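Values quoted throughout were computed directly from the atomic coordinates according to the rules given, and no laboratory measurement underlies them. Worth saying up front: this structure is predicted, and the values here are computed from it rather than measured. Every residue, glycine among them, receives a Cβ derived from its backbone with ideal geometry; neighbour counts consider all protein chains shown.
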Amino acid sequence: MLEWLAELSEEDKLSAIRRAFAEVAQSESGKIVFAAILNDLCFFRQAEMPEEQALNNYAKFLINHYFGEEAKYRVFEALLGRGQ
């Protein structure tokens, strides 16, 4: 089904995946899905157990790797803007 993706270079594959993540995240359903995934990965709460910390670390990897390194700055800016 996604044979074309396997034929891309690693750089082009990552670019295609990042575009897909961004497209999905722009929809209301996509936002709900990503929020549920990040919640399950202990992103929104303190990770107490080693297993939770591993999940939290993966959530951070997911955001940085697929949404881009600048994503954490956009999240930070959004949080700061909410208080106004």
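Structure summary
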item	result
For the chain: relative contact order, % (alpha-carbon pairs under 8 angstrom, 6 or more apart)	22 percent
Cleavage-rule hits (trypsin sites (Lys or Arg not before Pro)) in the range 39-84: DSSP loop, at most 15 neighbouring Cβ within 10 angstrom	Arg45
Rounded to whole Hz, the Karplus (6.51, -1.76, 1.60) HN-Hα couplings of the range 37-42, x for glycine and proline	4, 5, 5, 5, 8, 6
Tail beyond 16 Å, pair distance distribution of the range 15-82 (Cα, percent)	54 percent
Net lengthening on full extension, Ala47/Ala25 (0.36 nm per residue, minus Cα-Cα)	5.5 nm
